[in-house]
Amino acid sequence: MVATNSGEFDRAKELKAFDETKAGVKGLVDSGITEIPRIFHIQPGTLADRKPPLPLAIPTIDLEGAFKDEFSRKNVVEDVRNAAEKWGFFQVINHGVPLSVLEEMKDGVRRFHEEDLEAKKRYFSRDYTNRLGYNSNFDLYSSPSANWRDTLSCYIAPDPPKPEDMPDSCRDVMMEYSKHVMNLGNLLFELLSEALGLNPETLKDMDCAKGLFVLSHYYPPCPQPDLTLGTSKHTDSSFITVLLQDHIGGLQVSHQDCWVDVPPVPGALVVNFGDFLQLLTNDKFISAEHRVLANRAGPRISVACFFSTGVLPNPRVYGPIKELLSEENPPKYRDMTITEYTSKYISKGLDGTSQLRHFRI
Ligand code: OGA
Ligand code: NI
């Protein structure tokens, strides 16, 4: 922890001062800074904390076959199983979300973040039980270093916010995009159920597709990208996450102790598994660590759709799926609720450790 340093650097005070501007990282960049404040500094060595990158690419899966005959669908399930077992991270094409909606969604997010500060401030919140809120670094006060990123967060399912509570800049497209992502999620949960050798409806019947939490990120250009990160390494508190990223790049996934770039592919969506799927599958499908580098070329825009009810009240209890367990494969996790898990995840913040390990038996 970078604590108060001989009186020169009062971290708590600087965090508070930054937070109170409500202008986020974008506000710092707009003010013309050429050096980033200390609260954003990562520990030396963080960027090079893995072996040199492998010349590997995460798989790209063409989902077209899933909408066709049984044989084509089986091939897609096979692709999903391979990607799931090896990576926990893949890109999908022919996913059913129109290209125009992908473009409009990125435009909407950019409009929101680039709006006048006074308009954005109305939405500023650190109360995560609100359906919608904008801030910089959900874990500003708990993480070891702040990230170069601002975020608008919104629970869309099971119940969206009232239309009048959503920003004009992105309300319509957020509803439209989410509708498509929910359809894609339903398909992915069917394919994943099949890849696990289960009835296609299993994961949907367990309400994995019930909640959708949409994080609309804005990573402003960074004057010193080697001193900070866009997003610290973490795994997602979701069943799965569907990620839309623009052309800038910087997303990396941890694979065999290396960081592997997840390059922008026009029209594609990234799918990654979250902690809840790892728990349900008793470690068969792993929630891979990932992070986002800061860069000078920004702003970078991305939209992470978490299939999760997050901190919203949800009494349903989850544990490893019984049909996947046996004497040789006993449960590795205790039961939990999504609400319990997510509350702990939020208060811990992205500190580089896994929340899932606290649920290990
Ligand atoms: C996330 C995340 C990646 C990105 O929101 O959990 O990993 O590219 N986002 O913004
Ligand atoms: Ni993530």
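A few comments on the model shown:
- Taken together, the residues in segment 162-181 that are out of contact with any Asp or Glu (no Cβ under 7 Å at 6 or more places or on another chain) and open to solvent by 10 Å² or more (accessible area, probe 1.4 Å) amount to 11.
- Residue in segment 327-350 that is open to solvent by less than 50 Å² (accessible area, probe 1.4 Å), within 16 Å of ligand 2 (Cβ to nearest atom), at pLDDT 95 or above and farther than 30 Å from Gly197 by Cβ present: no
- Check on Asp205, away from ligand 2 (no atom under 16 Å from the Cβ) and either touching a residue at least 24 places away in the same chain (Cβ under 8 Å) or surrounded by 24 or more Cβ atoms within 10 Å (Cβ to Cβ) (or both): no
- Meets criteria (farther than 23 Å from Leu198 by Cα and open to solvent by less than 30 Å² (accessible area, probe 1.4 Å)) for Gly319: no
- Restricting attention to segment 232-285 and to residues that are open to solvent by 20 Å² or more (accessible area, probe 1.4 Å) and free of Cβ contacts under 8 Å to residues at least 40 places away in the same chain, the residue that is farthest from Lys204 (Cα to Cα) turns out to be His247.
- Filtering segment 99-149 to residues that are assigned to a loop (DSSP other than H, G, I, E, B), among the small types (Gly, Ala, Ser) and open to solvent by 60 Å² or more (accessible area, probe 1.4 Å) leaves nothing.
- Among the residues of this structure, Leu191 counts as one that is closer than 17 Å to Val76 by Cβ, open to solvent by less than 30 Å² (accessible area, probe 1.4 Å), assigned to a helix (DSSP H, G or I) and at pLDDT 95 or above.
- Residue match in segment 339-351 (condition: touching a residue at least 12 places away in the same chain (Cβ under 8 Å), in a strand (DSSP E or B), within 24 Å of Leu212 (Cα to Cα) and over 16 Å from the mean Cα position of the chain (by Cα)): no
- The single condition from (1) open to solvent by less than 10 Å² (accessible area, probe 1.4 Å); (2) assigned to a loop (DSSP other than H, G, I, E, B) that Val214 fails is (2).
Residue by residue, here is whether (1) in contact (Cβ under 8 Å) with a residue 12 or more places away in the chain; (2) closer than 27 Å to Ser232 by Cα; (3) in a helix (DSSP H, G or I) holds:
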residue	(1), (2), (3)
Ile58	yes, yes, no
Ala66	yes, no, yes
Lys74	no, no, yes
Ala84	yes, yes, yes
His95	yes, no, no
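The values are calculated or read from the model by the stated rules, or taken from the named source; none is laboratory data. Please read all numbers here as calculations on a predicted model, not as lab measurements. Positions of Cβ are backbone-derived with ideal geometry, glycine not excepted, and every protein chain shown enters the neighbour counts. Only protein heavy atoms, including side chains, enter the accessible area calculation; ligands, DNA and RNA are left aside. Shrake-Rupley method; radii C 1.70, N 1.55, O 1.52, S 1.80 Å.
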